[in-house]
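Participant: Quick one: this structure, given as structure tokens, is what I'll be asking you about.
Any read-out appearing in this document is the output of simple, stated calculations on the displayed coordinates, not a laboratory observation. Here the structure is a predicted model, which means the values were calculated and not measured. Positions of Cβ are backbone-derived with ideal geometry, glycine not excepted, and every protein chain shown enters the neighbour counts.
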Amino acid sequence: MKPIIVVIILLLVTTPFLTNPLTADATTFILQPEWYIKPHSYKELVSWYKELEKIFPDYLEVFKANELYHTGKVAGGYDLYYVRITNESRGLHKPEVLFLGGPHGDETTGTIGLYWFTNWILRKALTDEPCLEYSKDYLQWILNNREIYIEVSHNPYGFDHKQRYDAHGWDLNREADYQGPGSPTGGIWASVNGKTLVRFINNHTIRVGCDFHGGVRMLLYPWADTHVGVNGVSPLSNRSYSNVPPDFYFYDISSLRLGSYIGDFGGDLNPSNIGTIHELIDYSVRGGICPWAYGADVNSNPAEDPYVKDESFGNYPGAGILWISPEISGPKNPMERYFGNDTTIGYGIEVRRFVLHQTDLAQPYIRWISTPKNLVVIKGSTVSLKWQVNGSLVVDHTFLKWGENPDPINHSSYTTRDHNEYSNKYIGGTGWDNAEDGKTHGVIYQENITFDKTGDYYFVAVAQVDQIYKQVIHREIYGIKPYLRLIKERTNSSYYEAINGTDGIEEIKGRDHWYSPIIHIIVRDNLPPAKPILHGKHITKTGVKNTFTIEIDDPDNDNVFLYVDWGDATNSDWIGPYKSGETLEIDHIWSDSGIYKIRMKVKDIYNAESSWKTTFIIVFKSKS
């Protein structure tokens, strides 16, 4: 009997993870996923994205990048599907990020996790489905202010055949034009996959990117085999790393924060497994995508010219990307049960956290915390304004500018104190502070403003961020300028970049300061409401319901509340709000006979009260 019991237990355990979406209604499967299941093939995975596109056509576009760039079919007869996630009604030319499904086909965690991230953010941002971890406002902000690109899989053949290499037997993470090619490959950019990636990146201004891997738990960044002996020490962990890039400090701090935020489901991410490729990988990675995407623009970064064959393949203006290669899971191809779902921790949630953190980091921004854009207050009021600075690692300065000019950025009358507690530090002051296991405990800034005179006032929050990162490490080797375009954009007001790309001219203009949306606050005097007007009988009987009609009016057209003292030791308490000019009915029953003094008044939403309206009513005892 024991073997039978074991079989039954196994069936009970595994059955929930064997759901086949093809047997269910596609919309139900897409919008109500019970588990983050695994596709059986690249074709099926693409079909899931296409179903999402049908449901959310204004936010998701699935396209064949190999056809767009005329690079041909991938070995094995495949098309290379890319995906764009953004609110298209807000236009393009937003900060762009790019995430690649695994170049090694048998390393599936990121490839599958990227689909479930896409599914999750569209459902949570655009439907009524509740989201406990993030506000819908934040998720909608991401869709409105970022362009998220996903390559469904960089190696469709390997994904289908559960193998590392493509149909040629090539390693698609060894053919990049940075100290490449490695082995085995057909040469630099020999594959359609590689050619398409180059065309895509050179036609966009990608700020943040990654290629997902598996087989160990690490977060890797440049360099691999170049710049031997160029070392750096983390200002956060004090750990020493070899072969460090010029933007080492930004890579180090951002990756440590990222590792903490991802969580520990797949294993702890810490300074011992977050670092340069050379430091953590014990084999050669020549021709890797990560170093190429970061440093291969030799026109901007001449120190990298010895490693790039730009004479043969041209320069790479799209490089300069904050590119990380996450080894996201110990198992290369984890079992379905380890992917979790919307709320059950698994690799699905960890990939989601990775994508959100990196997408947020693409550009600094300021968000108001619970402050409406158009607010009406009374003279003498104090308003608490709260804001948060994100898309960065450290806030050097932040403050409010305001005045009666609708353009407070350029024409302000007042400035609050400067919050500069984190100036010249490597981390601190952002909404992502103390990020850990999917949660943040960020800094919220606050100023209390008292208005002594009436008028229209306009507020903007200002921030300067990440200034310490414009200082590159080992300037004697790399020069004085950062390689990362996202650092140039936020630390150099003279920086300008333009690419005539797939979607037209893509521009990046450097800025010293970043600004919130402008808040408009109207400050006015307040007149109390008029005395209410009462209509109704003045003679009644005990036990009889009496209905009174009351007219209310406020000279400022504010909403008002009504209070009635019935004279019998009972009252209505404050009821409402009611619109100014509204006529309402209210009932009362007296239990005892007598002459009762009725008093009533109204107050507006600012607690200004009318004078009392007084009347009398005679109540006779009802006959039995």
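Participant: With angles folded into 0 to 90 degrees, how steeply does helix 192-202 sit against the dominant principal axis of the chain? Use alpha carbons for both and round to 10.
Facilitator: 50
Participant: I would also like to ask the following. Relative contact order (percent) for the range 154-235, with alpha-carbon contacts under 8 angstrom and 6 or more residues of separation?
Facilitator: 16
Participant: Can you give the angle from 0 to 90° between the axis of helix 347-360 and the longest principal axis of the chain, with both taken from C-alpha atoms, to the nearest 10?
Facilitator: Helix 347-360 sits at roughly 80 degrees to that axis.
Participant: For H40 and V233, calculate 0.36 nm times their separation in residues minus their Cα-Cα distance, and state this gained length in nm to one decimal.
Facilitator: 65.0 nm
Participant: N374 versus F620, label points 7 Å from Cα toward the beta carbon: distance in nm?
Facilitator: Output for this residue pair reads 5.6 nm.
Participant: Could you compute the FRET efficiency for K425 and I605, with r as their C-beta to C-beta distance and R0 at 35 Å, rounded to 0.05?
Facilitator: Here the calculated transfer efficiency is 0.20.
Participant: Go ahead and estimate [θ] at 222 nm for the chain from helices alone: -39,500 (n - 2.57) per DSSP H run with n ≥ 4, summed, over the residue count, rounded to 500.
Facilitator: -6000 deg cm²/dmol
Participant: Would you calculate the separation in nanometres between label points at F313 and D503, each defined as 7 Å from the Cα along the Cα-to-beta-carbon direction?
Facilitator: According to this spin-label approximation, the distance is 2.6 nm.
Participant: Along the range 482-495, what does the Karplus equation 6.51 cos²θ - 1.76 cosθ + 1.60 (θ = phi - 60°) give for ³J(HN,Hα), rounded to whole Hz, x for Gly and Pro?
Facilitator: x, 7, 6, 5, 5, 6, 4, 4, 9, 10, 9, 5, 8, 5
Participant: Roughly how many debye, to the nearest 20, is the charge dipole of the chain about its Cα centre, given +1 on each Lys and Arg Cβ, -1 on each Asp and Glu Cβ, and no other charges?
Facilitator: 1280
Participant: Place a point 7 Å from Cα of S89 in the direction of its Cβ. Which residues in the range 117-157 have their backbone N less than 14 Å from it?
Facilitator: Of the residues in the range 117-157, 126-127, 140-141, 143-145 have backbone N under 14 Å from the label point off S89.
Participant: Separate question: May I ask for the angle, rounded to the nearest 10°, between helix 109-126 and the longest principal axis of the chain, with both axes built from Cα atoms and the value confined to 0 to 90°?
Facilitator: With both axes taken from Cα atoms, the answer is about 20 degrees.
Participant: Then there is this: I need to check one value: relative contact order of the chain, counting alpha carbon pairs closer than 8 Å and at least 6 residues apart, in percent.
Facilitator: Dividing the mean separation by the residue count of the chain yields 11 percent.
Participant: Name the residue from Y426, I499, V376 whose Cα lies farthest towards the positive end of the charge dipole of the range 365-523, charges +1 on Cβ of Lys and Arg and -1 on Cβ of Asp and Glu.
Facilitator: Among Y426, I499, V376, the one farthest towards the positive end of the dipole of the range 365-523 is V376.
Participant: Here's something else I'd like to know. Between N341 and D456, what FRET efficiency follows from the Cβ-Cβ distance if R0 is 60 Å, with the result rounded to 0.05?
Facilitator: Working from the Cβ atoms, E equals 0.75.
Participant: For a Förster distance of 60 Å, can you work out the FRET efficiency between the beta-carbons of R511 and I575, rounded to the nearest 0.05?
Facilitator: 0.70
Participant: Under a straight-distance cross-link criterion of Cα-Cα below 30 Å, which lysines are reachable from K470, leaving out those fewer than 8 residues away in the same chain?
Facilitator: K94, K309, K386, K401, K425, K439, K481, K488, K509
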